[in-house]
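Note sheet for the following structure.
The values are calculated or read from the model by the stated rules, or taken from the named source; none is laboratory data. Bear in mind the structure is a predicted one, so any value in this text is a computation, not a measurement. Counting neighbours? That spans all protein chains shown, and the Cβs are built from the backbone with ideal geometry, glycine included. These area figures cover heavy atoms from the full protein model, side chains too; ligands, DNA and RNA do not enter into them. Shrake-Rupley method; radii C 1.70, N 1.55, O 1.52, S 1.80 Å.
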Amino acid sequence: MEPVTLNDLQVRHFRDMGYLRLPNVLDGAACRRLTAFVTAQHQAAGGGKLYGLLGRDPAVIGHLIRHPRLVGPLTSLLGPNVVYVTNRHNHATLNPPGQTENRLHRDILQWTRGLLTVVVYLEDAVVGGGATHIVPGSHYLPGMGVPQPGGGGTWMDEHDRYAGFDAQALPVPATAGDALIFDGLVFHTAGPNTGRGTRASLTLGYRAADELDRRRAPSDQVLVAGEFSYRGNN
């Protein structure tokens, strides 16, 4: 399968709005296989997010993180050298019926870090049925730091400066097999699931390979496109 790249309009939308929906990344058979995998893992773990996703099935998840319909668009945004990170995201979620979480947050603290979050939907995520909510353009908002102990991202409701801005969040409906790419600084949340079905999804994290990192194969990164290329001027 040939990689699918983004056109100029799609890249511009991502740069300006901070997110982009990719339709039909996975077919129905792949979604069913991965949903069965997530459901079984979820039951074995007793619920909650399933972290360490790649390590749970290196063959299946390793194929997914290198999927041409994901990696192609990522190279359009990040350049030719792309890594999958294992120390942020790398988890699966099975949002049950009645899930009402709606807490906007960022996945990283500062723009210099860089992270693209990719949510791959294994089941439909409609409005009221677990659709991700995004605040378009919020990757341009100033950073506020982290008041929560050991926190990684930023929770909007913990900063007075963001008070009331949650009203700008919009749902981004998706069908099974779609993927949603967004800047790690975009405020987002899993929307409430008031329906009768689950909303299974995988959350993956990517960034450009660091040209100033001399390590050829960092332990918390998996090269999915291009190469590790050191460009420092020591």
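Give the relative contact order (percent, whole number) for segment 1-92; include only Cα pairs under 8 Å separated by 6+ residues.
Once divided by the residue count of segment 1-92, the mean separation gives 46 percent.
When a/c is below 1.5 the answer is rounded, else prolate if a/b is larger than b/c, else oblate, so apply that to segment 37-163 with a ≥ b ≥ c taken from the square roots of the Cα gyration tensor eigenvalues. Could the numbers behind the result be given before it?
Working: a/c = 1.65, a/b = 1.18, b/c = 1.40.
Cα axes put segment 37-163 in the oblate bin.
How high is the FRET efficiency from Phe165 to Asp16, r the C-beta distance, R0 22 Å, rounded to 0.05?
The value I calculate is 0.75.
Based on Cβ point charges of +1 for Lys and Arg and -1 for Asp and Glu, what charge dipole magnitude is obtained for segment 1-128 about its Cα centre, in debye rounded to the nearest 20?
Computed charge dipole of segment 1-128: roughly 280 debye.
Quote the relative contact order of segment 89-228 in percent (integer), defining contacts as alpha-carbon pairs under 8 Å separated by 6+ residues.
The normalised contact order for segment 89-228 reaches 46 percent.
Assigning unit charges at the beta carbon (Lys, Arg +1; Asp, Glu -1) and nothing else, what dipole magnitude in debye, to the nearest 20, does segment 1-73 show about its Cα centre?
160 debye
Of all the accessible heavy-atom surface of segment 61-130, with the other protein chains kept in place and a 1.4 Å probe, what percent is carbon and sulfur?
The nonpolar share, carbon plus sulfur, comes to 52 percent.
I'd like to compare 35-44, 177-186: which one has the highest average count of other Cβ atoms within 10 Å, and what's the full order after that?
177-186, 35-44
Given contacts defined as C-alpha pairs under 8 Å and at least six residues apart, what's the relative contact order of the chain, whole-number percent?
Details: 495 pairs, mean separation 77.8, N = 234.
So the answer I get is 33 percent.
If you roll a 1.4 Å probe over the heavy atoms of the protein chains, what accessible area per residue do you get for segment 176-234, in Å²?
Solvent-accessible surface per residue comes out at 46 Å².
Loop-only check: which trypsin sites (Lys or Arg not before Pro) in segment 136-234 are DSSP coil with at most 11 other Cβ within 10 angstrom?
Passing both the DSSP loop test and the Cβ count: Arg196, Arg214, Arg215, Arg216, Arg231.
For Thr175, Thr194, what's the largest-to-smallest order of accessible area, 1.4 Å probe?
Thr194, Thr175
Under a Cβ-only charge scheme (Lys and Arg +1, Asp and Glu -1), can you give me the dipole magnitude of the chain about the Cα centre, in debye to the nearest 20?
Dipole of the chain, to the nearest 20 debye: 360 debye.
Which of rounded, prolate or oblate describes the chain when judged by the alpha-carbon gyration tensor and an a/c cut-off of 1.5?
It is rounded, given that a/c, with a ≥ b ≥ c, falls under 1.5.
I'd like to know which of Gly72, Trp155, Ala174 lies farthest towards the positive end of the charge dipole of the chain, counting +1 on Cβ of Lys and Arg and -1 on Cβ of Asp and Glu.
Comparing the listed Cα positions along the dipole, Gly72 ranks first.
What number, rounded to the nearest 500 deg cm²/dmol, is the helix-based mean residue ellipticity at 222 nm of the chain, given -39500 (n - 2.57) per DSSP H run of at least four residues and division by all its residues?
For the chain, the value works out to -6500 deg cm²/dmol.
Among Val126, Leu116, His91, flag the residue with its Cα farthest along the positive direction of the charge dipole of segment 83-139, charges on Cβ as +1 for Lys/Arg and -1 for Asp/Glu.
Result: Leu116.
Quote the accessible area belonging to Met156 in square angstrom, nearest 10, computed with a 1.4 Å probe and with ligands, DNA and RNA left uncounted.
10 Å²
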